[in-house]
Amino acid sequence: MNALAVRRRHPAAIFILLLLGLIVTGAGYAALAPKQATAATASADQIERGRRLFLTNCATCHGKDGLGSPVGPNLAGVGAAAVDFQMGTGRMPMAEPGVQAPRGKKVTYSAEEIADIAAWVASLAPGPAVPDAEYTTAEGGNAGRGGEIFRVNCAMCHNSAGAGGALTRGKYAPKLTDVEGRHIYEAMLTGPQSMPVFNDNNISPESKRDVIAYLKTMDEAGSPGGMALGSLGPVPEGLVAWVFGLGILIGAACWLGQKGA
Amino acid sequence: MSTTANDRPAMGLRTGDAPVSAPPSAGAKKLGGAVGWVDDRLGPAKGVNYLMKKVFPDHWSFMLGEIAMYSMIICLLTGVFLTFWFVPSAGHTVYDGSYVPLQGVGMSEAYASALNISFDIKGGLLIRQMHHWAALMFIVALSAHMLRVFFTGAFRKPRELNWIIGCLLSMLALVEGFAGYSLPDDLLSGTGLRAAEGFMQSAPVIGSYLAYAVFDGPFPGEAIIPRLYSVHVLLLPAILVGLFTAHIVMVAVQKHTQYPGPGRTNNNVVGFPVMPVYAAKAGGFFFIVFGFIALISAIVQINAIWVYGPYDPSPVTAGSQPDWYMLWADGALRLLPGWLEFSAFGYTLSLNVAIGALGLIPVVYGAMAAYPFLEAWVTGDKREHHLLDRPRNQPTRTAIGVAAIAFYLVLALAGSNDILAIKLHMSINDITYFFRAATFLLPIVAFWATRRICLSLQRADRNLVLHGRESGRIVQTAEGRFFEVHEPLDEYTRWKLVGFEGQEPLQLTAGTDAHGVASPAAGKDKLRARLSRLYFQDTVQPVTPAELEAAHHDGHAHEAIEGGSAAELEAGSSSGHH
């Protein structure tokens, strides 16, 4: 106790206290924060059940016939793939109006419910269906070729590492790490939000599978050089050089400066 | 051989003698052994002796330049390692190394060899990352060193030339860095080169000729990588090392500046001799810097070229930024509005690009190099200065420096506008508009605020010197009055607060001669006097011994702690009110 009292006015005391506080808060949050729910995949199409679910959960914005309103687009022709993507990634229903629907922290609807709604929306007008599993797992894909397709078609918005990028007026291309292959495929197929559509004539199903394979192998390769700093390139690197690099070396210089002969 | 000994029995008489050798030279007497052998032939003892006894003052801020020097040495060492495997060629090849996501992809030999260094050569990735981190730290440290020199006034006579060499070093380091990160021929570096080609083309009249000359034809061509390689490993390192040597020699010749303090004058240097203290410190610091850069390179990834993929002129990646030291130039480009491009008579003048890409760096570095001369002209101070200023004692210079930092920071942040937009969930358009205004407004605000802060700090110093530190001890007098006891400063602390020069604006000389004829230089003098007034406006004078004496002997020194100037203080203390 006495030893502590002597040191409480040490210049480092405030930093140590801050650090302790941060560690305790962080560890507490990590222990208590709600965990992400995982939705199982299944397929059942019960159009009537889907219509009823739609009326209670989606019709406020999209209209009771799904034909749109001033605050939500017309869903005729978007197909089951669009519903599976938007609801399967937690983007719909949107929690609040905004420039863009963010990826949901958790998916509130079960796979069956999503499939029901998708079946009803698909019945409005023909549109892209939920893709075949053959093309949505990375299996059989050529990662090298997928990388070339990705850099030419996707990297200008999503960043070559899939770390995401800024679009105009607060919109953005989300990061692509930790996204299911099926959702990547559906996004290309339906062009959600600001994204253009890459239909099967632009990028064939095999090529889409290559892109998914590339993203998966990139995920698996990790960052061989150490911490990736968000894969955001030179800006965070420069920040680290200034804050940690210069900070620590100046600390060393001060220490050396104190050591007189 | 030994048979001859028997032929001369007289030799036996000398067996007890010491062996004869040549008389040692003066140097060898001191140094002995191998060192003496070298000194006999080349005679460095005198010079080395001089250098070893050279005194350097000790302060952490004097070691910023050392960090830069050591980082540069680390770059040279690791760079040599990289040249063993790097292939500076745009020739086509298909990757078959161990990084799975790129297997079977066509790319240049330069990129393939950079991947090989990263994944298939033992220790290659670590050395590559050390090379890059050391390069970043080199420019970080030299920038910090430059700021230290600026804010303490170390650039003043007689060191103006060394300041100019420093500016050149800093500018060339940017070019060297750019050439370096353009070499691996990944998607990001190729995008940077494409931008550089655009900058060249934006030069009026000569633009397209310049770009064709540099790239040996249309972009990208095959010439740029080998050319950049020569520049990066040969030309610029040679110039950098040469200028750096001149920089260091000039420090030794002109002696190091020092912070004011007891016993430190304009004519001496108080510190430790190189041998043994400073050599140990500097040598130790080299290993600290080396160790730190090795550590950060081992745990933090830098320039992940395998993520960017091989260069191809058609794609571009989101978040394409240059390394941090080029961010401000990139930021200027991002801020310049498109309507600055004009077309007339079939020619296009792309000022929206040229101002930021071609104008900014030379103009800013030119202003930096010219500053010592401008300040000397405005202040009329032509004397030699070996004692450094505390930044607060030069409010206007400090304010100019902070305004320049604000300008630089706005441009650098503008260069990161897309990263800011996604990380802060803001609109990139709004960020850009804000920075456009901030480019002009923030430096003005920074100038004004810094100046006022400096003046306030100076006034606080004056108060502290005149009336001492508030001790927190409240004393009740016999009459029942309360006052707080102020402890006088000790002499060492006080010296720091009073040991600077008071400054006065230049007096405007009469613009006319005795006959009433206007002097030809009258206009210039007027401008100079006006600038000088601006420079020294509201200047706070150091406490004089007489003022200190007065403050100590008025008997009520503890009571007057709120007054600003000496006059007010005296008035305040005599009235007995506080």
**Study point:** ³J(HN,Hα), Karplus 6.51/-1.76/1.60, whole Hz, each residue of the stretch A:87-97, x for Gly, Pro
**Key:** 8, x, 9, x, 6, 10, x, 5, 6, 7, x
Practice item. On each of the three principal axes of the Cα atoms of the stretch A:194-261, give max minus min coordinate, whole Å, ordered largest first. Key: 76, 26, 11
Point to revise | Calculated SAXS-style log₁₀ I(q)/I(0) at q = 0.11, 0.16, 0.22, 0.25 Å⁻¹ - the stretch B:306-410, Debye, Cα scatterers | key: -0.59, -0.93, -1.26, -1.36
**Study point:** Share, in percent, of DSSP beta bridges within chain B that are antiparallel, nearest 5
**Key:** 95 percent
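Give me the tail of P(r) for the stretch B:52-324 as a percent: Cα-Cα pairs with distance above 28 Å. Provide the component values of the computation, followed by the final result.
Details: 16229 of 37128 pairs.
Value for the stretch B:52-324 (Cα pairs over 28 Å): 44 percent.
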Check your understanding: Given only helices, namely DSSP H runs of n ≥ 4 each adding -39500 (n - 2.57), what is the per-residue ellipticity at 222 nm of chain A, to the nearest 500 deg cm²/dmol?
Key -> -14500 deg cm²/dmol
Check your understanding: Taking the Cα centre of each part, how many Å lie between the stretch B:91-156 and the stretch A:189-225?
Key -> 29 Å
**Study point:** Residue-averaged 222 nm ellipticity for chain B, from DSSP H runs of 4+ at -39500 (n - 2.57), nearest 500
**Key:** -18500 deg cm²/dmol
**Study point:** Phi-based couplings in Hz for the stretch A:243-252 (Karplus 6.51, -1.76, 1.60; Gly and Pro marked x)
**Key:** 6, 7, x, 5, x, 5, 5, 5, x, 5
Review point. For the protein assembly as shown, with every protein chain kept in place, what is the accessible area per residue (1.4 Å probe, Å²)?
Key: 52 Å²
Point to revise | Residues whose placed amide H lies under 5 Å from that of residue B:272, excluding near-sequence neighbours | key: B:56, B:58
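Could you run the numbers on buried accessible area between A and B, total for both chains, 1.4 angstrom probe, in Å² to the nearest 100? Can you show the working numbers first?
On the way: alone 16830 and 31510 Å², together 43730 Å².
When A and B are taken together, about 4600 Å² of accessible area is lost.
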Point to revise | Per-peptide average of other Cβ atoms within 10 Å, ordering B:282-290, B:389-397, A:237-245 highest first | key: B:389-397, A:237-245, B:282-290
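What order do you get for A:10-20, B:526-536 when each peptide is scored by the mean count of other beta carbon atoms within 10 Å, highest first?
So the order, starting with the most tightly packed, is B:526-536, A:10-20.
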Check your understanding: If you count, for each residue, the other Cβ atoms within 10 Å and average over each peptide, how do A:89-98, A:129-138 line up from highest to lowest?
Key -> A:129-138, A:89-98
Study note, to complete from the structure: Taking a straight Cα-to-Cα line shorter than 30 Å from residue B:423, and setting aside same-chain lysines fewer than 8 residues away, one finds A:35, A:105, A:106, A:171, A:175, A:208, A:216
Point to revise | Value of relative contact order over the stretch B:113-272, rounded to a whole percent, pairs C-alpha under 8 Å and six or more apart | key: 20 percent
Revision key, fill the gap. Whole-percent carbon and sulfur contribution to the accessible surface of the protein assembly as shown (1.4 Å, no ligands, DNA or RNA) stands at 65 percent
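Kindly point out which whole DSSP H helices in chain B project their C-alpha atoms 20 angstrom or further along the helix axis while averaging a Kyte-Doolittle hydropathy of -0.5 or above.
Numbers: long enough: B:64-83 (28 Å, 1.80); B:124-151 (40 Å, 1.20); B:160-182 (33 Å, 1.20); B:187-201 (21 Å, 0.37); B:236-254 (26 Å, 1.99); B:279-299 (30 Å, 2.05); B:360-379 (27 Å, 1.27); B:395-415 (30 Å, 1.56); B:428-467 (54 Å, 0.55); B:522-536 (21 Å, -0.63).
In chain B, the long hydrophobic H runs are B:64-83, B:124-151, B:160-182, B:187-201, B:236-254, B:279-299, B:360-379, B:395-415, B:428-467.
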Review point. Looking only at other chains, what is the average number of their beta-carbon atoms within 10 angstrom of each beta-carbon in B:97-108?
Key: 4
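Quick one: Cα convex hull volume of chain A, Å³ per residue?
On the way: hull volume 51.9 nm³, N = 261.
Convex hull volume per residue, Cα atoms: 199 Å³.
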Exercise for review: Kindly identify residues of the stretch A:181-226 having a loss of at least 20 Å² in accessible area between the isolated chain and the assembly of all protein chains, probe radius 1.4 Å.
Suggested key: A:214, A:217, A:218, A:221, A:224, A:225
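Take peptide B:137-143, look around each residue's Cβ out to 10 angstrom, count Cβ atoms belonging to other protein chains, and average those counts.
Details: counts 5, 1, 2, 7, 5, 0, 2.
Per-residue shielding by partner chains comes out at 3.
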Check your understanding: If contacts are Cα pairs under 8 angstrom and at least 6 residues apart, what is the relative contact order of chain B in percent?
Key -> 14 percent
Exercise for review: Largest first and to the nearest Å, give the Cα extent of the stretch A:42-130 along each principal axis.
Suggested key: 31, 27, 23
Review point. In whole Hz, what ³J(HN,Hα) sequence does the stretch A:50-55 give by Karplus (6.51, -1.76, 1.60; θ = phi - 60°), x for Gly and Pro?
Key: x, 4, 5, 4, 4, 4
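For peptide A:144-150, what's the mean number of Cβ atoms from other chains within 10 Å of each residue's Cβ?
For this peptide, the per-residue mean of nearby foreign Cβ atoms is 5.
Determine one quarter of the surface area of the Cα convex hull of chain B, which equals its mean projected area, and express it in nm² to one decimal.
Details: hull surface 200.2 nm².
For chain B, the mean projected area of the Cα convex hull comes to 50.0 nm².
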Practice item. List the relative contact order of the stretch A:75-212 as a percent without decimals, with contacts defined as Cα pairs under 8 Å and 6+ residues apart. Key: 30 percent
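The values are calculated or read from the model by the stated rules, or taken from the named source; none is laboratory data. These numbers were taken from a predicted model, which means no experiment stands behind them. Neighbour counts are summed over all protein chains in view; Cβ atoms, including those assigned to glycine, are modelled from backbone coordinates with ideal geometry. Each accessible area value is taken on the protein alone, full model and side chains, heavy atoms only, with ligands, DNA and RNA left out. Shrake-Rupley method; radii C 1.70, N 1.55, O 1.52, S 1.80 Å.
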